[in-house]
Amino acid sequence: GIQVEQSPPDLILQEGANSTLRCNFSDSVNNLQWFHQNPWGQLINLFYIPSGTKQNGRLSATTVATERYSLLYISSSQTTDSGVYFCAVERPGGTSYGKLTFGQGTILTVHP
Amino acid sequence: SAVISQKPSRDICQRGTSLTIQCQVDSQVTMMFWYRQQPGQSLTLIATANQGSEATYESGFVIDKFPISRPNLTFSTLTVSNMSPEDSSIYLCSVAIGGYEQYFGPGTRLTVT
């Protein structure tokens, strides 16, 4: 199956710092999403971004599908950004519809 | 987007028993998905639930252990059968809206003693 690798596995920041999280995937994808899992376990949908660049406030994401990677940028980090960030992909093909393969996540801790 | 609720939010169960988890969506969806997140791990897809047909299970998951029902377009249940401590996990349901973005319920945190 498709492999999804995220880096770094852990990241510790001071409030106000910027960061870049990376997601590499081993095959063509139909769908790529970034999620934030907060300390209570809730998964929040950040971006649906199979290609191109999107921005939402302090967060932005870029996917270069031809080179099989995606980046999530967090600027001016806040303590509420703490949690686990997951990249998840869906392979092309009817039988793969909606079936996401998740990376192992990046654990982000933002200190005040 | 979609609003998804799950019941129960958490439970502590004894080994050998079964627990049924409910997932309710605020809109009609064709496909619902069930994932498992073991402690400190990422999410793994258990099965896909379509209304009116048998659920489709991923490698490593079987119907006898994780029976799924999908009686209508807004509701699904996942049962964790004959539980062991290794089944202690967060179980999450999700839906795909517009064929693209997936949204997840708040999860059911299960501890098996």
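Every residue in the stretch B:12-31 that is within 19 Å of B:Y103 (Cα to Cα) and out of contact with any Leu (no Cβ under 9 Å at 6 or more places or on another chain), please. Of everything in the stretch B:12-31, those that are within 19 Å of B:Y103 (Cα to Cα) and out of contact with any Leu (no Cβ under 9 Å at 6 or more places or on another chain) turn out to be B:Q24, B:D26, B:M31.
Does the stretch B:83-92 contain any residue that is among the small types (G, A, S) and within 25 Å of A:C87 (Cβ to Cβ)? There is at least one residue in the stretch B:83-92 that is among the small types (G, A, S) and within 25 Å of A:C87 (Cβ to Cβ). The residue of the stretch A:68-83 that is farthest from the other protein chains (Cβ to nearest Cβ), among those that are open to solvent by 20 Å² or more (accessible area, probe 1.4 Å) and under 16 Å from the mean Cα position of the chain (by Cα), is A:S75.
Restricting B:Q14, B:Q24 to residues that are in contact with a strand residue (DSSP E or B) (Cβ under 9 Å, 6 or more places away or on another chain) and without any contact (Cβ under 8 Å) to a residue 60 or more places away in the chain narrows the list to B:Q24.
Residues that are closer than 16 Å to B:P8 by Cα and without any contact (Cβ under 8 Å) to a residue 60 or more places away in the chain within the stretch B:69-86 comprise B:F75, B:S76, B:T77, B:L78, listed in sequence order. Screening B:T56, B:T48, B:T30 for residues that are open to solvent by 50 Å² or more (accessible area, probe 1.4 Å), free of Cβ contacts under 8 Å to residues at least 24 places away in the same chain and either facing chain A (nearest Cβ under 9 Å) or closer than 30 Å to A:P50 by Cα (or both) leaves exactly one candidate, B:T56. Considering the conditions (1) open to solvent by less than 50 Å² (accessible area, probe 1.4 Å); (2) more than 9 Å from every other protein chain (Cβ to nearest Cβ); (3) within 10 Å of the chain's Cα centre (by Cα); (4) under 21 Å from A:G1 (Cα atoms), A:F25 is excluded by exactly one of them, (3). For the stretch B:105-113, does any single residue satisfy the condition of being in contact (Cβ under 8 Å) with a residue 24 or more places away in the chain, more than 20 Å from B:M31 (Cα to Cα), open to solvent by 10 Å² or more (accessible area, probe 1.4 Å) and of a type in the set (K, R)? Checked against the condition, which is being in contact (Cβ under 8 Å) with a residue 24 or more places away in the chain, more than 20 Å from B:M31 (Cα to Cα), open to solvent by 10 Å² or more (accessible area, probe 1.4 Å) and of a type in the set (K, R), the stretch B:105-113 yields at least one hit. Scanning the stretch A:84-112 for residues that are closer than 10 Å to B:L43 by Cα and in a strand (DSSP E or B), which turns out most open to solvent (accessible area, probe 1.4 Å)? Once the filter is applied, the top-ranked residue is A:T101. Assess whether A:L46 counts as being within 14 Å of chain B (Cβ to nearest Cβ) and crowded, with 21+ Cβ neighbours inside 10 Å. Here the answer is no, as A:L46 does not meet what is asked. Among the residues of the stretch B:71-99, the ones that are within 11 Å of chain A (Cβ to nearest Cβ), open to solvent by 40 Å² or more (accessible area, probe 1.4 Å) and within 16 Å of B:T48 (Cβ to Cβ) come to 1 in all.
When each of B:V25, B:V62, B:V112 is tested for being modelled with pLDDT of 95 or more and under 19 Å from A:N45 (Cα atoms), the lone residue that passes is B:V25.
The values are calculated or read from the model by the stated rules, or taken from the named source; none is laboratory data. Keep in mind that what you see is a predicted model, and the values were worked out from it rather than measured. As a convention, Cβ positions derive from the backbone with ideal geometry for all residues, glycine included, and neighbour counts pool all protein chains shown. The accessibility values were calculated without ligands, DNA or RNA, using every heavy atom of the protein model including side chains. Shrake-Rupley method; radii C 1.70, N 1.55, O 1.52, S 1.80 Å.
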